[in-house]
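Readers should treat all values here as calculations from the given coordinates under stated rules, not as data from a laboratory. Only a predicted model underlies this, so the values are computations on that prediction, with no experimental measurement involved. As a convention, Cβ positions derive from the backbone with ideal geometry for all residues, glycine included, and neighbour counts pool all protein chains shown.
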Amino acid sequence: MDLQELSDRTEIAAVLTRYTRAIDTGEFDRLETVFTPDAQIDYTESGGIAGGYAEVAPWLAEVLPAFFPRRMHTLGQVAIELAGDEAEVAAYFHNPMPVTGEDGAERVVEFGGIYHHRMVRTPDGWRSRELREEIVWKRT
C-alpha cells in the first residue's frame, strides 16, 4: 500500500464516521460533508425512503428524532475497494435505539446490517455519491 492509498482509506473511514455522528447527534446539516449534492440514498430495507440527497436529508431530520430520539451507531468490518477517484465501500453496522412505548416503558430497537457506499473524490475530499442500507437483522 502506498501513501496515497493509506490517505484515501483514512479519509473514507472519516466520511463513515461523520455520517454516523451526524445521524446519532442529530446534526443533520453535517451530512453535507458526507454526500455529494446529487447523491442517491436508499433506506427502504429499514422502512424508510429512497431518493436524492435533497429529499432524504430533510426527511431524516424530521423522522429520526420523532421515532428514535436517541441513536448510537457502531461500525465495523469496513471494506474499501479503490479504483482511482472512486471507491466501493461496505461497512457493517449495529444501531440500537431506545424508544418509549405508549405505556411509558422503554425498549430497544436494534438494526444490524451493511452500509453500501459508492464514494468519489471531490475537490472537498471523499464523498458518498450513493448509499444503500442493507438490513441483515432487526430486533424489536
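Of the residues screened, Asp8 is not one that is more than 13 Å from Met119 (Cα to Cα), buried (at least 17 other Cβ atoms within 10 Å of the Cβ), charged (D, E, K, R) and touching a strand residue (DSSP E or B) at 6+ places or on another chain (Cβ under 8 Å).
Filtered by the rule that a residue be more than 12 Å from the chain's Cα centre (by Cα), within 10 Å of Trp126 (Cα to Cα) and of a type in the set (Val, Ile, Thr), the stretch 11-32 gives a lone residue, Ile12.
Considering only residues that are of a type in the set (Gly, Ala, Ser) and under 19 Å from the mean Cα position of the chain (by Cα), which ones fall in the stretch 85-135? Selection gives Ala87, Ala90, Ala91, Gly112, Gly113, Gly125, Ser128.
Regarding Phe93, is this residue farther than 30 Å from Ser7 by Cβ and crowded, with 18+ Cβ neighbours inside 10 Å? So Phe93 fails the test.
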